[in-house]
Amino acid sequence: MCVETVELDDPRPTEIVVEIAGCGVCHTDLSFRDGSWPYPMPAVLGHEGAGTVIATGSAVRSVAVGDRVVLSFGFCGACDACLSGAPANCPNAPLINMRGTRDDGSTTLRKNGEPVHGSFNTQSSFASHVLTEERYATKLPDGVPLELAGTLGCGVPTGAGAVLNVLRPRPGSTVAVFGLGAVGLSAVAAARLSGCSRVIGVDLNPARLELAREFGVTDIIEAGAEDPISAIHQIVPGGVDGAIEASGAKKALSDAFSSTSLTGTTVLVGAAPVGTTYEIDSVSLLAGRTLRGCTMGLANPRVFIPQLVRMWGQGLLPIEKMSTKFKLSEIDAALAAAADGSVVKPVLIP
Ligand code: CXF
Ligand code: ZN
């Protein structure tokens, strides 16, 4: 990747310009960079941006210049899912977030008159400035560290929402979380907040298992050293009520599924390369288990992000403990640190 100067359009009536204070690196950024998920190039990636509104289109009413905002994903706003408050289920969202242009096919970015694909997840936030629609911005109260807040737009709601909006564990129930990156750690925090009696963290990386204690795990399993399925069945005889697969690893999904009780539920949120297939034992499914996926934690950003901010305020979502700042010019090092797992959440500061 390289840092270059490109031209940004002026905001159209419903658009805003945000000066980015920081942008988290998410594993899907690596997938798009590597081509295991498709995106038109040349492009600016980055989809966990937070910053300050510096310009607004003539029809913008819900945010104003000077507002501190976190950006989230795109949705059409007109389909059944959007109208019923579940924009994460918008069937038009994949196109909107991954085509590299606005609705009319125009790019928000140009270099020497040639189009550069912006609008990545309606952001392209590995940048000093972002042009997006006002409805994708959620205001942040003072006190939230703006530079680190971008992950409240993707990684954190993906994990916390998988628990709070999808799994909805009963108080006293048991949950295992596979993969303790930003998504998994947020799932752990949400499970603990839900009153789960056992929250079991599973990861290959011992440092992440230790970090997970600060987010509320009651038990840890080092996946490279012991078999997660039998370890979980030893901690919770019969298996856990719920499992979250947040690693994106193929084997982790099968392990998560086999770790649940006969009527347990597994929620897949980790993004494996396009084309990945999973192996599920038929009798185990037939017995009554549930397997489902969800994107963006079924979050309605302007409702769910303020909820996450309040969790952060109570010390339940210590985002700062998973974040490491890099300069935007160090983007390759930041993405390498995300890829090798040495950093949980690199945050690029323009
Ligand atoms: C992705 C989905 C595709 C566009 C970028 C964001 N979601 C989570 O990381
Ligand atoms: Zn993401």
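Can you name every residue in the range 326-340 that is part of a helix (DSSP H, G or I), without any contact (Cβ under 8 Å) to a residue 24 or more places away in the chain, more than 19 Å from R208 (Cα to Cα) and hydrophobic (A, V, I, L, M, F, W, C)? Matches in the range 326-340: A333 only.
Name the residue that is least open to solvent (accessible area, probe 1.4 Å), counting only residues in the range 80-92 that are without any contact (Cβ under 8 Å) to a residue 60 or more places away in the chain and assigned to a loop (DSSP other than H, G, I, E, B). This residue is C90. Of all residues in the range 13-59, those satisfying the criterion of being free of Cβ contacts under 8 Å to residues at least 60 places away in the same chain and either polar (S, T, N, Q) or open to solvent by 40 Å² or more (accessible area, probe 1.4 Å) (or both) are P13, D34, G35, S58, A59. Answer yes or no: is there a residue in the range 308-316 that is closer than 20 Å to T151 by Cα, out of contact with any Asp or Glu (no Cβ under 6 Å at 6 or more places or on another chain), in a helix (DSSP H, G or I) and free of Cβ contacts under 8 Å to residues at least 12 places away in the same chain. Yes: the range 308-316 contains one or more residues that are closer than 20 Å to T151 by Cα, out of contact with any Asp or Glu (no Cβ under 6 Å at 6 or more places or on another chain), in a helix (DSSP H, G or I) and free of Cβ contacts under 8 Å to residues at least 12 places away in the same chain. Scanning the range 137-168 for residues being in contact with a helix residue (DSSP H, G or I) (Cβ under 7 Å, 6 or more places away or on another chain) and open to solvent by 30 Å² or more (accessible area, probe 1.4 Å) gives a total of 4.
Here's the yes/no breakdown for (1) open to solvent by 20 Å² or more (accessible area, probe 1.4 Å); (2) under 26 Å from D10 (Cα atoms); (3) among the small types (G, A, S); (4) more than 16 Å from ligand 2 (Cβ to nearest atom):
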{"position": "P94", "(1), (2), (3), (4)": "yes, yes, no, no"}
{"position": "R99", "(1), (2), (3), (4)": "yes, yes, no, yes"}
{"position": "D103", "(1), (2), (3), (4)": "yes, yes, no, yes"}
{"position": "T108", "(1), (2), (3), (4)": "no, yes, no, yes"}
{"position": "R135", "(1), (2), (3), (4)": "yes, yes, no, yes"}
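The set of residues in the range 180-206 that are among the charged types (D, E, K, R) and surrounded by fewer than 24 Cβ atoms within 10 Å (Cβ to Cβ) comprises R192, R198. Restricting attention to the range 239-257, the residues that are touching a residue at least 60 places away in the same chain (Cβ under 8 Å), outside any strand (DSSP E or B), open to solvent by 30 Å² or more (accessible area, probe 1.4 Å) and not hydroxyl-bearing (S, T, Y) total 1. Considering (1) within 16 Å of ligand 1 (Cβ to nearest atom); (2) outside any loop (DSSP other than H, G, I, E, B), the lone condition that V116 does not fulfil carries the number (1). Taking the conditions (1) within 13 Å of ligand 2 (Cβ to nearest atom); (2) out of contact with any strand residue (DSSP E or B) (no Cβ under 7 Å at 6 or more places or on another chain); (3) at pLDDT 95 or above in turn, S58 satisfies each one other than (1).
Taking the range 296-350 as the range and being on the phi > 0 side of the Ramachandran plot and either surrounded by fewer than 23 Cβ atoms within 10 Å (Cβ to Cβ) or out of contact with any helix residue (DSSP H, G or I) (no Cβ under 7 Å at 6 or more places or on another chain) (or both) as the test, the residues that pass are L298, G315, G341. Of G216, G201, G155, all but one fail to be within 15 Å of the chain's Cα centre (by Cα), small (G, A, S) and under 19 Å from V344 (Cα atoms); the exception is G155.
Scan the range 17-43 residue by residue and report those that are part of a helix (DSSP H, G or I), over 16 Å from the mean Cα position of the chain (by Cα) and within 12 Å of ligand 1 (Cβ to nearest atom). Hit for the range 17-43 is R33, nothing else. Here A187 clears all of (1) in a loop (DSSP other than H, G, I, E, B); (2) touching a residue at least 60 places away in the same chain (Cβ under 8 Å); (3) not aromatic (F, W, Y) except the condition numbered (1).
From the residues in the range 15-51 that are in contact with a helix residue (DSSP H, G or I) (Cβ under 6 Å, 6 or more places away or on another chain) and more than 16 Å from ligand 2 (Cβ to nearest atom), which one is farthest from G77 (Cα to Cα)? That would be A21.
The values are calculated or read from the model by the stated rules, or taken from the named source; none is laboratory data. Note that the structure is a prediction, hence the values are computed from the model and not measured. We place every Cβ from the backbone using ideal geometry, glycine too, and count neighbours over all the protein chains shown. Please note that ligands, DNA and RNA were not included when accessible areas were found on the heavy atoms of the full protein model with its side chains. Shrake-Rupley method; radii C 1.70, N 1.55, O 1.52, S 1.80 Å.
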